[in-house]
1. Note the full-extension length gain between residue 117 and residue 31 as 0.36 nm times their separation in residues minus their Cα-Cα distance, in nm to one decimal.
2. Once amide H atoms are placed 1.01 Å from N in the peptide plane, what residues at a sequence separation of 5 or more from residue 69, or on another chain, have their amide H within under 5 Å of its amide H?
3. Give me the percent relative contact order of the stretch 60-150, please, defined on Cα pairs under 8 angstrom at least 6 residues apart.
4. Using the scaling law 2.2 N^0.38 Å as the reference, what is the normalised Cα Rg of the chain?
5. Computed from the mean reciprocal separation of all distinct C-alpha pairs, what Kirkwood hydrodynamic radius does the stretch 3-89 have, in Å?
6. Take every Cα pair under 8 Å in the stretch 102-232 that's 6+ residues apart, average their separations, divide by the length, and report that relative contact order as a whole percent.
7. Please give me, ordered by residue number, the trypsin sites (Lys or Arg not before Pro) of the stretch 1-95 that lie in loop per DSSP and have at most 15 other Cβ atoms within 10 Å.
8. Tell me the label-point distance for the pair residue 206, residue 147, using the 7 Å Cα-to-Cβ offset, in nm and rounded to one decimal.
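A short reminder: the numbers here are calculations on the coordinates, not readings from a lab. Just so you know, these numbers come straight off a predicted model, no measurement behind them. Quick reminder, even Gly has a Cβ in these numbers, built from the backbone with ideal geometry, and neighbours come from all protein chains shown.
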Amino acid sequence: MTVRAVRVLGCADVVVHDGLVPDAILDLAPAGARRISVAKRKSRHTYAQEEINRLLVGLALEGLSVVRLKGGDPFIFGRGGEELEACREAGISCEVVPGVTAALAASASAGAPLTHRQVAQAVTFVTGHAAGEGEPDLDWAALARPNHTVVVYMGASTAGRIASRLVAAGRAPSTPALVGFRASRPDELRVTTRLADLAAAAAVDAGPALLVIGEAMESALASVPEAPVIQPIAREERA
């Protein structure tokens, strides 16, 4: 979190938060602040998106100071844009306090840069979760180009299909990959692997996963493994 985010949270009357926000962060709000969880999990939503929009508008129109607390960056597959539009249409003054994008947190924590002058001259963020059933409609040929890092949000359940699509489009099965669970949190878990074994790596934990695929992830691999290498990260609790 940024210092600005901590200060804003400390002035909240109501905190409308995602399920991935840890208690240590929620405890930065005033003791008397109301907490409302609008947690989303695959196929299990506490509130539909339209309900969240109406909730934010309704609370703000009551004259309350409302903090909509999201994990990571609200504008990277976080529906922050939809919520901001709803508030603006209702005439509510809003401030967006950016967080650290999950892809940046996961790669930095692993010591594996998303871009590198020698091996990765581009990076693309995509979603592994389609609006309906099935896989997302992506430009697989473009994503399969070498010297290009591909970051897949919400891709744990479709990791096998994503890997197959990339290999079929020309990406080498030996391409290094990193699977990050709960990036930058005290209970962070990293799994280093190769593209051919991506599905197995994404299945080692039940939590949401971030998939990072590309030559720049080589530095995250201690060696060329036959099976995924799991790296639990011990951290001190911090905001």
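1. Values: separation 86, 0.36 × 86 = 30.96 nm, distance 4.80 nm.
Extra length available between residue 117 and residue 31 comes to 26.2 nm.
2. Residues meeting the criterion, in which the H sits 1.01 Å from N, are 16, 17, 18.
3. Value for the stretch 60-150: 22 percent.
4. Values: Rg = 19.0 Å, N = 239, 2.2 N^0.38 = 17.6 Å.
So the Cα radius of gyration is 1.08 times the expected 2.2 N^0.38 Å.
5. On the way: mean 1/r = 0.0753 Å⁻¹.
Answer for the stretch 3-89: a Kirkwood hydrodynamic radius of 13.3 Å.
6. Computed over the stretch 102-232, the figure is 30 percent.
7. Working: sites: 4, 7, 34, 35, 40, 41, 42, 44, 54, 68, 70, 79, 88; in loops: 42, 70, 79.
Of the trypsin sites (Lys or Arg not before Pro), the ones in loops of the stretch 1-95 whose Cβ has at most 15 other Cβ atoms within 10 Å are 42, 79.
8. If labels sit at residue 206 and residue 147, their model points lie 4.4 nm apart.
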